[in-house]
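Student: This is the structure I have questions about; it appears just below.
The values are calculated or read from the model by the stated rules, or taken from the named source; none is laboratory data. Source: prediction; values computed, not measured. All Cβ positions, glycine included, derive from the backbone under ideal geometry; neighbour counts span all protein chains shown.
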Amino acid sequence: MLKQSLTDSWSFFKIHFVTLSIIILPIVIPLEILRVVYQYFFASKELVLAETLITMAVGFIAYSIYMVGVIFYMVSIKSGESFDTKSLWRLGVKYWLPYIIVSILIAVAVVFGLLLFVIPGIIFAARYAFSSFDLLLNQSKPLDAMKNSWDGTKGYVWIIIGGYVVITIALYVPYYLVTSLFDEPSISYWVLDEILNIVYSVLSVLYTIFAFRVYKYSKLQHNK
């Protein structure tokens, strides 16, 4: 099942790459430009926690908006519904707060698990992989969505972990190989890093596509 899920996820990504980019990049690119301008022209030269938190919060909200849009787009492909980009963004604005709450709760659980000899954190990431789908598609509350995900991923934990590992290797080994060719303080490195950040904002949806593929399969098996 792991191989088939990865193959299906990659096929979906390739077929819908343009639409996914249209959902993500109009939000990511302006924010990335603003972040760079703010960081290099307005932020203090010394690291200030408040300034870091502001940029992180804005980025997190933007991420939540377009990822909610991506999830509803995937659902629309399966159901045959039709959503234009603006409608998907509106759904993102509507659900950004509960999505962020779930994301923060999962992040806390995963970090706590990583502190417990790493493996528990990886398992937590897999067990909560269905949370955002349950939150958005079943209108669950954040804690209920996490509980439902914990129950729903039973029997699929190692498939999810395996998929995440394969995707991570496929995405980030080339990233580090490319960036290692440039001196870190150089302008070339800085420009390349910014471009790659934008590109990887699209590529990283492979994690969500893969998790959604396993989620739909688990629902199908449950209904049987």
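Student: Can you report the number of residues in the range 116-135 which are out of contact with any Phe, Trp or Tyr (no Cβ under 6 Å at 6 or more places or on another chain), assigned to a helix (DSSP H, G or I) and of a type outside the set (Asp, Glu)? Lay out the reasoning, then the answer.
Tutor: From the range 116-135, those out of contact with any Phe, Trp or Tyr (no Cβ under 6 Å at 6 or more places or on another chain) are 116-126, 128-129, 131-132, 134-135; that's our starting set.
Filter again for assigned to a helix (DSSP H, G or I), leaving 119-126, 131-132, 134-135.
Of the ones still in play, those that are also of a type outside the set (Asp, Glu) are 119-126, 131-132, 135.
The qualifying residues number 11.
Student: Restrict the check to the range 126-146 and report whether at least one residue is surrounded by fewer than 19 Cβ atoms within 10 Å (Cβ to Cβ), in contact with a helix residue (DSSP H, G or I) (Cβ under 6 Å, 6 or more places away or on another chain), over 23 Å from SER201 (Cβ atoms) and not β-branched (Val, Ile, Thr).
Tutor: Of the range 126-146, the ones surrounded by fewer than 19 Cβ atoms within 10 Å (Cβ to Cβ) are 137-139, 141, 143-144.
With the extra rule that they be in contact with a helix residue (DSSP H, G or I) (Cβ under 6 Å, 6 or more places away or on another chain), the set shrinks to none.
The answer is no, given that none of the residues of the range 126-146 is surrounded by fewer than 19 Cβ atoms within 10 Å (Cβ to Cβ), in contact with a helix residue (DSSP H, G or I) (Cβ under 6 Å, 6 or more places away or on another chain), over 23 Å from SER201 (Cβ atoms) and not β-branched (Val, Ile, Thr).
Student: In addition: Across the range 108-120, what is the total count of residues that are more than 16 Å from TYR156 (Cα to Cα) and surrounded by 14 or more Cβ atoms within 10 Å (Cβ to Cβ)?
Tutor: Final tally of qualifying residues: 4.
Student: Separate question: If you scan the range 136-153, which residues turn out to be part of a helix (DSSP H, G or I) and either in contact (Cβ under 8 Å) with a residue 12 or more places away in the chain or within 28 Å of GLU32 (Cβ to Cβ) (or both)? Explain how you work it out, then say what you get.
Tutor: Going through the range 136-153, the residues part of a helix (DSSP H, G or I) turn out to be 136-137, 142-152.
LEU136, LEU137, PRO142, LEU143, ALA145, MET146, ASN148, SER149, TRP150, GLY152, listed by residue number.
Student: Same structure again: Please specify each residue of the range 147-186 satisfying the condition of being among the aromatic types (Phe, Trp, Tyr) and within 23 Å of SER201 (Cα to Cα). If you could, list the steps in order and put the result at the bottom.
Tutor: Taking the range 147-186 and keeping what is among the aromatic types (Phe, Trp, Tyr), we get 150, 156, 158, 164, 172, 175-176, 182.
If the condition is that a residue be among the aromatic types (Phe, Trp, Tyr) and within 23 Å of SER201 (Cα to Cα), then TYR164, TYR172, TYR175, TYR176, PHE182 are the ones that fit.
Student: Within the range 106-116, can one find any residue that is among the aliphatic types (A, V, I, L, M) and over 28 Å from PRO142 (Cα atoms)?
Tutor: Let us first name the residues in the range 106-116 that are among the aliphatic types (A, V, I, L, M), namely 106-111, 114-116.
If we keep only those that are over 28 Å from PRO142 (Cα atoms) as well, we get none.
No; the residues of the range 106-116 include none that is among the aliphatic types (A, V, I, L, M) and over 28 Å from PRO142 (Cα atoms).
Student: Related question: Can you run down the residue pairs with Cβ atoms below 6 Å, 6 or more apart or on separate chains, where the first is in the range 1-13 and over 19 Å from TYR156 (Cα atoms) and the partner is assigned to a helix (DSSP H, G or I)?
Tutor: Here the result reads PHE12/ILE209; PHE13/LEU206; PHE13/ILE209, each pair linking the range 1-13 to a residue that is assigned to a helix (DSSP H, G or I).
Student: To continue, here is another question. Residues in the range 91-107 that are surrounded by fewer than 16 Cβ atoms within 10 Å (Cβ to Cβ), β-branched (Val, Ile, Thr) and under 14 Å from the mean Cα position of the chain (by Cα): how many? Even if it seems obvious, please write down each step before you answer.
Tutor: Step one: list which residues in the range 91-107 are surrounded by fewer than 16 Cβ atoms within 10 Å (Cβ to Cβ), which gives 93-94, 97, 104, 107.
With the extra rule that they be β-branched (Val, Ile, Thr), the set shrinks to 93, 104.
Retained after the next criterion (residues that are under 14 Å from the mean Cα position of the chain (by Cα)): 104.
Within the range 91-107, residues that are surrounded by fewer than 16 Cβ atoms within 10 Å (Cβ to Cβ), β-branched (Val, Ile, Thr) and under 14 Å from the mean Cα position of the chain (by Cα) number 1.
Student: Could you pull out the residue among VAL165, VAL173 that is at pLDDT 95 or above and of a type in the set (Val, Ile, Thr)? Break it down into steps so the answer makes sense when it comes.
Tutor: Details: VAL173 fails: at pLDDT 95 or above.
After applying the criteria, what remains is VAL165.
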